[in-house]
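See structure below.
The values are calculated or read from the model by the stated rules, or taken from the named source; none is laboratory data. Fair warning: this is a prediction, and the values are worked out from it, not measured in the lab. Every residue, glycine among them, receives a Cβ derived from its backbone with ideal geometry; neighbour counts consider all protein chains shown.
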Amino acid sequence: MARRINIIEVTAKSALSKSGLPELDYALNPYMGCMHSCVYCFAIDFTSNARAREDWGGTVAVRTNIIDLLKREIRTARRGIVGVSTITDPYQAIEGRYMLTRNAVKLLAGNGFRVSIQTKSPLVARDMDILTQHPRYIDVGMTVTSTDAKAWKLIEPGSPSPASRLKALSSIQSNGVKTWIFLGPILKGVNDTRESMGRVVEEAGKIGTRIIYDRYKPYRGSSKLIRGIGLNISDFTRTPENDQWWQSTRKTIESLCDSMGVTCTYQPDEWKYERSLNYGSIFQDNFS
């Protein structure tokens, strides 16, 4: 039986916030909480709405005034790269009703901001008209931890199928929009086999996209959920043994990508990739 989702409407104080990620200047989160119920999600600890935080996956807060706020903020905000989103999935199912992400992406890209979307929902393809209108300003990332149904349902029980995500990403890529796959987080004993990771890399090769990858890092909120599905949190803490596992896993991912001709980047190094693209020239050319 599908889990019943509680939707609450709230008002936000601001739309854009400073991002803690070095590859992003701003973050925009239209929702608080996430229907996808991913057990590994670090966002639990960074969700300010108590109901959404404490009932992770069961309650989502909709920031109903975020578009009005954004319209005001972009008048004076310095142009930069906006992550959509960093502590929620911007295209979870309720976006189909509220369309906050659609309107935000349209506003941002249309006013000279670089928009980097990360989701695990095929709903992003609904906005193909906006994506293709601003291909220079938008990239779309799709999280695919595994194509294996058992692993997916264990760690992402409320999310759309990996097959539907990959189909949507392929369509977006074929329409000339930059895309990427986030292979992660990698969890020991769940999606860290050469076969599991290799299938995701193979799909990236078919689409013609690149890979960003990272390991799972325990936070208080996700640690409870990880234990709840029978995994041992000690497998994910920083120990010499676990660090050795990760170095070996990294080598496997890099080897798989190299053998299949897929570009891949370790997530902590993603800022170097973003900097190499020199988006500053875009901002200067159009909004100096």
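List of remarks:
- Test result for Thr88, of a type outside the set (A, V, I, L, M, F, W, C), closer than 12 Å to Tyr31 by Cβ, within 17 Å of the chain's Cα centre (by Cα) and in a helix (DSSP H, G or I): no
- Residue match in the stretch 113-130 (condition: over 22 Å from Cys34 (Cβ atoms), more than 18 Å from the chain's Cα centre (by Cα) and without any contact (Cβ under 8 Å) to a residue 24 or more places away in the chain): yes
- The strands (runs of 3 or more DSSP E) found wholly in the stretch 111-191 and carrying at least 2 residues that are farther than 30 Å from Thr76 by Cα and either among the aromatic types (Phe, Trp, Tyr) or modelled with pLDDT under 95 (or both) occupy 178-186.
- Residue list for the stretch 211-248, filter: closer than 28 Å to Val140 by Cα, touching an Asp or Glu at 6+ places or on another chain (Cβ under 8 Å) and surrounded by fewer than 19 Cβ atoms within 10 Å (Cβ to Cβ): Tyr219
- Test: Ser196 is surrounded by fewer than 23 Cβ atoms within 10 Å (Cβ to Cβ) and under 19 Å from Asp127 (Cα atoms): no
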